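Peer 1: Take this structure, written in structure tokens, and hold onto it; I'll ask about it next.
Please treat every number below as a calculation from the coordinates, not as lab data. Quick caveat, the model's predicted, so the values are computed rather than measured. Positions of Cβ are generated from backbone atoms using ideal geometry, with glycine treated the same way; all protein chains shown enter the neighbour counts.
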Amino acid sequence: TFPAQAAREMGLTQVPLMCATEIPVPGALVRCVRVLLHVNTSKAQHELRHVYLRGAEQLRPDLAQAAPGQASVRPPPRYGTVAIVGVGLIGGSIGLGLRSKYLAREVVGLDVQQEIIDLAVRLGAIDRGYIAPGDWLGEAELVVLATPVGLIPEVGRRILPNLAPRALLTDVGSTKAPVVQALSDLPQGREFIGGHPMAGSEFAGVQAARASLLENAVYVLTPTPHTDPQALAKLRGFVTDLGAKPLELDPQQHDLLVASVSHLPYLISLGLMNLLGDSPDLELLQLLAAGGFRDITRIASGNPVMSRDMVVSNRAALKDALAAFKTRLAGLEELLDDGGELLTLGERAKQVRDSIPVVQRSLLATRYQLIVAVPDRPGQLARITGTLGDAGINIKEIEIVAIRELGGALRLGFESDEDLARARTLLEQAGYECRSTR
């Protein structure tokens, strides 16, 4: 009944419940219930925000307090004060993740504009915030540098005098080698370990942040041979607590890899969109641009300043990746007169593309994926997730892979082969056509 009451307090009179999942909380007397609601609204996705337990307490304060003689219903925080420097999409999402799971006693933000701080507080991303460094930073046991990557070394050095001895610093920048080099020799036992969550959005700012952004995402950590093992273990636990999957790489190796899978695609998207924009037939081209074109150019909708800083900071590795791609592109041009060889490359490309896990940021094994054909009728997503939820099958990843006038398809990712087999049986019994990608 509580989700329904919360919905009514929000002014929503008709909110169909799609699914609810019990979540065990260590040390809690009751279980939290994660509820997925489908709301009819004219707002875009990035304009919506989640309502978490802290906001819900205002509606039912009796549920937030333990009964006399009972232990608190909240689990004790795993961290004290966590400071987030740069409360944007990633910084805000980390803050929301910390606060929604009660992982930190307090989340404090630092940004250059008071309006951003005020918005972050209203959205629940931070408890309080400041527009200048100060003694308050000395309260933080962990500091996350989430500014544009080009500013991270400078900002990190600027706040050093205010940090507590043995404070742990990390960042979320998409380039690691120059950042790690600049912040690798901090004084007074302070430790810096580079980080890069492989998650994001074409929308920018804390208003687009969400706690689920890091769920199941690969989160790269870049320790060096001099990194303190205890600090690394703490940061690894921090990433895991946020729901992400830590992956340790050498800083230089990280930069070489992301040049190909992250930074080069941005340049390709940039080139395609400017090619379109310079055409005298722009309006016609926009009408003809279908889903495929939108998919490969989506990242051009991101923050241009952040994207520029991203590629410029990794320009050495990116130039190598760009040169290799130019060679490939020239080879493809020559193969336009050789349909057989072009087909061979196309089949190989399809094989490699189909082997990428669901939503790409997941570490799920590719053999645990299921494609479900979905008719164009109301309530189908609720029916599919409800059928599996009632059977205790957890959907680890879900992706809409096709939308057509007569229906579409979902790609579902599961934890195990057993879950996949059970899900397929249940959905086929419910009348859905399914296909395993094994």
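Peer 1: Under 12 Å from a point 7 Å along the Cα-to-Cβ line of Ala323: which residues of the stretch 244-271 have their amide N that close?
Peer 2: Residues passing the 12 Å test: none.
Peer 1: Related question: Enter the Cα centre distance for the pair the stretch 88-106 and the stretch 300-358, rounded to the nearest angstrom.
Peer 2: Result: 35 Å between the Cα centres.
Peer 1: Same structure again: Could you name the aspartates and glutamates whose alpha carbon sits less than 13 Å from that of Lys319, not counting residues in the same chain fewer than 8 places away?
Peer 2: Asp255
Peer 1: Could you give me the ³J(HN,Hα) list for the stretch 279-290, computed from phi with Karplus coefficients 6.51, -1.76, 1.60 and θ = phi - 60°, whole Hz, x at Gly and Pro?
Peer 2: Calculated HN-Hα couplings, in order: 6, x, 9, 3, 5, 5, 4, 5, 5, 8, 5, 9 Hz.
Peer 1: Full-extension gain between Glu115 and Leu151, please, as 0.36 nm times their residue separation minus the C-alpha to C-alpha distance. Mind showing how you got there, number by number?
Peer 2: Values: separation 36, 0.36 × 36 = 12.96 nm, distance 2.03 nm.
My answer for the length gained is 10.9 nm.
Peer 1: What nm distance separates the two modelled labels at Ala289 and Ser355, each placed 7 Å from Cα along Cα→Cβ?
Peer 2: Each label point lies 7 Å from its Cα, and together they span 3.2 nm.
Peer 1: Now for a different question. Please list, or write none, the aspartates and glutamates whose alpha carbon is within less than 13 Å of the alpha carbon of Lys326, excluding same-chain residues fewer than 8 places away.
Peer 2: Straight-line reach from Lys326, under 13 Å: Glu334.
Peer 1: Fully extended, how many nm does the chain gain between Asp135 and Phe203 (0.36 nm per residue separation, minus their Cα-Cα distance)? Mind showing how you got there, number by number?
Peer 2: Numbers: separation 68, 0.36 × 68 = 24.48 nm, distance 3.28 nm.
Extra length from Asp135 to Phe203 when fully extended: 21.2 nm.
Peer 1: How many nm separate the modelled label positions at Gln181 and Leu272, each set 7 Å beyond the Cα in the direction of the Cβ?
Peer 2: For Gln181 paired with Leu272, the spin-label model returns 3.3 nm.
Peer 1: While we're looking at this one, here's another question. Less than 13 Å apart at the alpha-carbon level, and either on another chain or at least 8 residues along: which aspartates and glutamates does that give for Lys245?
Peer 2: Glu215
Peer 1: To the nearest 0.05, what FRET efficiency results for Thr425 and Ser212 with a Förster distance of 30 Å applied to their C-beta separation?
Peer 2: Values: r = 28 Å, r/R0 = 0.95.
Computed FRET efficiency for Thr425 and Ser212 comes out at 0.60.
Peer 1: Which cross-chain or sequence-distant (5 or more) residues have an amide H under 5 Å from the amide H of Tyr219, H modelled 1.01 Å from N in plane?
Peer 2: The answer is Met198, Lys245, Leu247.
Peer 1: For the stretch 156-228, what is the convex hull (Cα atoms) projected area averaged across all directions, in square nanometres? Walk me through the numbers on the way to the answer.
Peer 2: On the way: hull surface 24.3 nm².
Across all orientations, the stretch 156-228 yields a mean hull projection of 6.1 nm².
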